[in-house]
């Protein structure tokens, strides 16, 4: 056991001890107490890896990589300040093929058994057998981070296509980018872990509550008018700082001589009411009653709304009649 304090003056520490002491800076979800989730820097361009029929090229970029050779090893920072290129195996005459470019971390000083210290960018051609299965990062390719895949069409089938690895590194407390539900579910969840679903168009946030994944809701509202106040913009709740409110309930009361009744909101709306709605909550006794929300006399009131009740057969106001209402209202 080694306890590392990083770093009082005059006390020497090894590189491995420094990696261990910096483990608290790495975002969670990897399930490795001194390691982390390997990934490129978050703003890395998807086009950083390119390929022609003969050559692959990786442009300048940076990543954090956890080789995972041991619990004690920790994460390594990796960067290249110039293009790195290599040859692509010629296309097969019959089958398409999926190749990979990867970074392999070898650190014999950390006891990984590699016999060397290096972090080279490497290439491996996939099998030309019709499966389009990329080479696995196991065995001789262990301790590696996938840079991306290159789909090489059969001879005469066109140019190769490249897909960069979507994994992005996140520091402690940061939101992790994930690109599929499967990637999210593979994380080692803990209470409060938050991800952004990059595979969904509106990029929702999801958090783990200790037992299950839940989604933060970011509503959009489209309204050309408002019952009270000005209609909100489509992004009022995301860009405008408004909090969406939904209130609903039942109400039993007696109409006045003109067939009107007032329903108060449990809590006053803070800014606007988009629309209230009301319906007959009674059974057979008053099923012919028709309720309608009125815009007067409370057209500018955030605390209550006005309802009229009429006989569904005669059209006459239901005066001095006890009715049950169901209602709901949305606003913000």
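Looking at the structure I just gave you, is residue 277 closer than 14 Å to residue 227 by Cβ, modelled with pLDDT of 85 or more and touching a strand residue (DSSP E or B) at 6+ places or on another chain (Cβ under 8 Å)?
Working: closer than 14 Å to residue 227 by Cβ: yes; modelled with pLDDT of 85 or more: yes; touching a strand residue (DSSP E or B) at 6+ places or on another chain (Cβ under 8 Å): yes.
Here the answer is yes, as residue 277 does meet what is asked.
Of all residues being crowded, with 19+ Cβ neighbours inside 10 Å and either in contact (Cβ under 8 Å) with a residue 60 or more places away in the chain or under 27 Å from the mean Cα position of the chain (by Cα) (or both) in the stretch 69-91, which is farthest from residue 146 (Cα to Cα)? Just the residue, please.
If we filter the stretch 69-91 for residues that are crowded, with 19+ Cβ neighbours inside 10 Å, which is where we start, we get 73-76, 88, 91.
If we keep only those that are either in contact (Cβ under 8 Å) with a residue 60 or more places away in the chain or under 27 Å from the mean Cα position of the chain (by Cα) (or both) too, we end up with 74-76, 88, 91.
Values: 74: 18, 75: 15, 76: 15, 88: 16, 91: 21 Å.
This residue is 91.
The values are calculated or read from the model by the stated rules, or taken from the named source; none is laboratory data. Bear in mind that the values here come from a model prediction, so they are computed numbers and not experimental data. With ideal geometry, Cβ positions are generated from the backbone for all residues, glycine too; neighbour counts draw on all protein chains shown.
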